[in-house]
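The values are calculated or read from the model by the stated rules, or taken from the named source; none is laboratory data. None of these values were measured; they are calculated from a predicted model. Every residue, glycine among them, receives a Cβ derived from its backbone with ideal geometry; neighbour counts consider all protein chains shown. Remember, those area values only see protein heavy atoms, side chains included, never the ligands or the DNA or RNA. Shrake-Rupley method; radii C 1.70, N 1.55, O 1.52, S 1.80 Å.
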Amino acid sequence: MAARKITYPTTGTCSKLITVELDDDNRILSVEFLGGCNGNLQGISSLVRGMKAEDAISRLEGIRCGMKPTSCPDQLTRALRQLVG
């Protein structure tokens, strides 16, 4: 089975797009954010690389950015959910 990839348009965040790639074991191969807080998003991408998608979802889902109802990490979980099914 080949790697799966999605380009997810974010809503409610400074970033505009998230590109995520998973291997056939649902491990995160790569995460790239377009826009947003570059240093923080590079850090998130590095931290989740190699992690099972389900584990990243359980750790990041529901995180808010200030008064916003979502955040870049929360949007990442939405992209991961679409890939995992």
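Being small (Gly, Ala, Ser), more than 10 Å from the chain's Cα centre (by Cα) and at pLDDT 95 or above is the requirement here; does Ser15 meet it? Answer is yes for this residue.
Can you pull out the residues in the stretch 26-41 that are of a type outside the set (A, V, I, L, M, F, W, C), closer than 18 Å to Ile6 by Cα and more than 11 Å from the chain's Cα centre (by Cα)? Result: Asn26, Arg27, Gly35. Of all residues in the stretch 69-85, those that are among the acidic types (Asp, Glu) have Cβ atoms under 9 Å from Cβ atoms of residues that are open to solvent by 20 Å² or more (accessible area, probe 1.4 Å) and in a helix (DSSP H, G or I), 6 or more apart or on another chain, in Asp74/Leu60.
Selection of strands (runs of 3 or more DSSP E) fully inside the chain by the criterion of at least 2 residues being among the β-branched types (Val, Ile, Thr) and open to solvent by less than 50 Å² (accessible area, probe 1.4 Å) returns 15-22, 28-35.
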